[in-house]
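*Asks:* Got a structure for you, written out below as structure tokens; questions coming shortly.
Read-outs throughout are calculated quantities, based only on the coordinates presented, and are distinct from any laboratory measurement. Note that the structure is a prediction, hence the values are computed from the model and not measured. Quick reminder, even Gly has a Cβ in these numbers, built from the backbone with ideal geometry, and neighbours come from all protein chains shown.
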There are 2 protein chains.
Amino acid sequence: MAEGIRAVQYGCGPIGLGVTSLAAHRKDIELVGAVDIDPEIVGSDLGEMADLDDKLGIVITDDAGTLLSEVKPDIAFHTTGSSFRNVYSQLEDIVRAGVNIVSTCEELSFPYKREPDLAAQLDSLAKENGVTVLGTGINPGFLMDTWPLSMTAVCRDVEEVKAVRIQDASSRRLPFQKKIGAGRTPDEFQNLIDEGTLRHVGLPESTAMIAAGLGWELDEITEEIGPVMAESQVSSPHLTVEPGQAAGVKQISHGLIAGKEVVTLEFQAYIGAPETYDAVYIKGTPNMEVVIKGGTHGDIGTAAMVVNAARRVVEAPPGLLTMKDVPVVVCTAGSSYAGYSK
Amino acid sequence: MAEGIRAVQYGCGPIGLGVTSLAAHRKDIELVGAVDIDPEIVGSDLGEMADLDDKLGIVITDDAGTLLSEVKPDIAFHTTGSSFRNVYSQLEDIVRAGVNIVSTCEELSFPYKREPDLAAQLDSLAKENGVTVLGTGINPGFLMDTWPLSMTAVCRDVEEVKAVRIQDASSRRLPFQKKIGAGRTPDEFQNLIDEGTLRHVGLPESTAMIAAGLGWELDEITEEIGPVMAESQVSSPHLTVEPGQAAGVKQISHGLIAGKEVVTLEFQAYIGAPETYDAVYIKGTPNMEVVIKGGTHGDIGTAAMVVNAARRVVEAPPGLLTMKDVPVVVCTAGSSYAGYSK
């Protein structure tokens, strides 16, 4: 433990506790504090909240400022929200405390399209304070941006990039099945879309990151979302979907140059999908087709990306970085890293 | 052209001319000189040698020193040999001229295991001269090191990494088929191994890079090479292989910790292989299986890696780097980069 990167868990919801649960088993990370604003869990032990076998001896506090100044961690695992604007003040406070950040905030993964001014402001602040900020996760952060980009390295030229993530939701937990709208009528499904609770955040960010990485100037990014309708009855251990109901969701982002679609990101999660996989298709010289058989575990993957990126972030020059700017993130579970400092 | 990275082609054999041929079509690269020691081609136009439609107006010279000092390129594409020790003095001269290097020298891709002292010496020299040196290519450089490493990012922990490259040589050129020993008797095949002409260079380097990236201390790296024997008659447009002759080659590198194999790299190229593909298998949490369907074109891939890495090398801090240390290399064909400097 003593040789690990000293990390504070900032945000103790399901994603944050997933990060904690993973980090607690890793010798390259030493958890040294936890922050949340929920009065229900403030004062609880982080290990108990994360369902670990033992307490971690880390009490969740709502006073981030005091914790960060007293503990002086190397890094904060920031897992509180999807909207860059909404979490900005939290990021600012962490940066001003001189602490590096890996965040699962989806819009932070590539904020230059949606929030260029706020991104520039955070970049300046990070540089002033000598710390590095990175938004990552599995999607956005890897499967639909960094991974497709990395596969273009072997290409002489690239015309189009498509990334696809197909998940059969049959074996997933009920909350996931509900989240993707399984079992809803078309009207109910549309209501969920209108409420904004169904949309996966991050496809436009990944689209913009791919374009930026390849040196492309997109004219437009559009996004569509709708149900995958059940054609026959499909069921999981948790629920049964009748024909005419939604089996799940399909969401696609299109990146366009002069009316031509050059980046396509397609996410489908529904009960009864014939196969679960992630894939990258590159049209170029040569064409490439790369498939992750059986797909990638979303919860483990996001927690792993956060923890595995910690070393890169601590080592990187100060500023706001994106995944396309940092050296290849790898699993650092087998490593112990002593004495990190800028 | 005027906005590209200014590059000198250092070495005008088949690999170098492949790089030239690719670079000549790219707006992000401006070829500004060429070096070779072969009197047969010194004085020839680089474009003619690379079978381009037009001359490039670049005359191949054997006086690297004068060329580099007069032209002052941003980078040299170094493609002269596989042995780090054998090409060291060339690298030294380029570095002393203040020029960054991307090299296809296989042993340079990860020289810290075989030649740690020479690697440290080159690293110091590069830092003194403010330039960056990187060895890359498709194998070593990507398929059996950087790519498998990058796929571990989504893993909580990793126990074993295996990378496999299987090529059906039936449709390849005759020189490639001869290179892999197709049509040889077992004795002839063994002679080729003993002469050292058959062995693919780089598997131990890739093995060492994977281990270093994951923070593993290998006790031993072993390598084996032998024929894939034809069981029945197999043929290509160029030659027919009888049963009992070699259809091609199989080469495997093993990385061991305490007697347990933790890294396995397997390369097979033979006439009649049922499928051509590249694959990564990770045993860990979760397990991963990733496949490049149809494999990766070796010649295009190596040239692409060299050219696509140019931007990263020019932007990187000085020193000897390996692929695991540089930000994700992507296809930069769509970009133009002006005014690169350290």
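*Asks:* Describe numerically, in nm with one decimal, the distance between label points set 7 Å from Cα along Cα→Cβ at residue B:223 and at residue B:82.
*Replies:* Spacing of the two 7 Å Cα→Cβ label points: 0.7 nm.
*Asks:* When we measure straight from the Cα of residue A:113, which aspartates and glutamates land under 19 angstrom away, once same-chain ones fewer than 8 places off are left out?
*Replies:* By straight Cα distance, residue A:113 reaches A:123, A:145, A:205, A:217, A:219, A:220, A:223, A:224, A:261, A:325.
*Asks:* Which of the GluC sites (Glu not before Pro) found in the range B:248-288 are in a DSSP loop and have at most 15 neighbouring Cβ atoms, other than their own, within 10 Å?
*Replies:* Working: sites: B:261, B:266, B:275; in loops: B:275.
Taking the range B:248-288 and a limit of 15 other Cβ atoms within 10 Å, the loop GluC sites (Glu not before Pro) found are B:275.
*Asks:* If you don't mind, there's one more thing I want to ask. From the label point of residue A:70, set 7 Å from Cα along Cα→Cβ, how far away are the matching label points in the other copies, in nm, ordered shortest to longest?
*Replies:* List, nearest first: 7.0 nm.
*Asks:* Quick one: if the Förster radius is 60 Å, what FRET efficiency do residue B:93 and residue A:27 give, using the C-beta to C-beta distance and rounding to 0.05? Walk me through the numbers on the way to the answer.
*Replies:* Values: r = 44 Å, r/R0 = 0.73.
That pair, residue B:93 with residue A:27, gives E of 0.85.
*Asks:* So what's the back-of-envelope 222 nm ellipticity for the protein assembly as shown, counting only DSSP H runs of four-plus at -39500 (n - 2.57) apiece and dividing by all residues, rounded to 500?
*Replies:* So the helix-based figure for the protein assembly as shown works out to -8500 deg cm²/dmol.
*Asks:* Also, I was wondering about something else. For residue B:178, go through the aspartates and glutamates and keep the ones whose alpha-carbon is under 17 Å away, minus same-chain ones fewer than eight residues off.
*Replies:* Those aspartates and glutamates meeting the cut-off are B:168, B:187, B:188, B:194, B:195, B:242, B:299.
*Asks:* Once the dipole of chain B is set up with Lys and Arg at +1 and Asp and Glu at -1 on Cβ about the Cα centre, which of B:59, B:206, B:230 lies farthest towards its positive end?
*Replies:* B:206
*Asks:* Further question: Restricting to the protein assembly as shown, compute how many DSSP beta bridges are antiparallel as a %, nearest 5. Intermediate results must be reported in sequence, preceding the final value.
*Replies:* Details: 80 of 140 bridges.
Approximately 55 percent, going by the DSSP bridge assignments.
*Asks:* Can you tally the net charge around residue B:193? Count Lys and Arg as +1, Asp and Glu as -1, for every other residue whose Cβ sits under 13 Å from the Cβ of residue B:193.
*Replies:* So the environment of residue B:193 carries a net charge of -2.
*Asks:* By how many nm would the segment from residue A:242 to residue A:62 lengthen if fully extended, with 0.36 nm per residue of separation less the alpha-carbon distance? List each step's numbers first, then the result.
*Replies:* On the way: separation 180, 0.36 × 180 = 64.80 nm, distance 4.52 nm.
Computed gain between residue A:242 and residue A:62 is 60.3 nm.
*Asks:* OK, next. For chain A, count the residues as N, evaluate 2.2 N^0.38 Å, and divide the Cα radius of gyration by that value, please. Before the final figure, lay out each step's value.
*Replies:* On the way: Rg = 20.3 Å, N = 342, 2.2 N^0.38 = 20.2 Å.
The value comes to 1.01.
*Asks:* Right, next: What fraction of the DSSP beta bridges in chain A is antiparallel, stated in percent and rounded to the nearest 5?
*Replies:* Here the share of antiparallel DSSP bridges comes out near 55 percent.
*Asks:* I would also like to ask the following. Taking only C-alpha pairs under 8 Å that are 6+ residues apart, what is the relative contact order of the range A:146-295 in percent?
*Replies:* 36
*Asks:* In addition: To the nearest Å, what is the center-to-center distance of the range B:124-193 and the range B:262-290, using C-alpha atoms only?
*Replies:* What the calculation gives is 12 Å, centre to centre.
*Asks:* Can you give the relative contact order of chain A as a percent, counting alpha carbon pairs under 8 Å and 6+ residues apart?
*Replies:* Numbers: 790 pairs, mean separation 73.3, N = 342.
Reported relative contact order: 21 percent.
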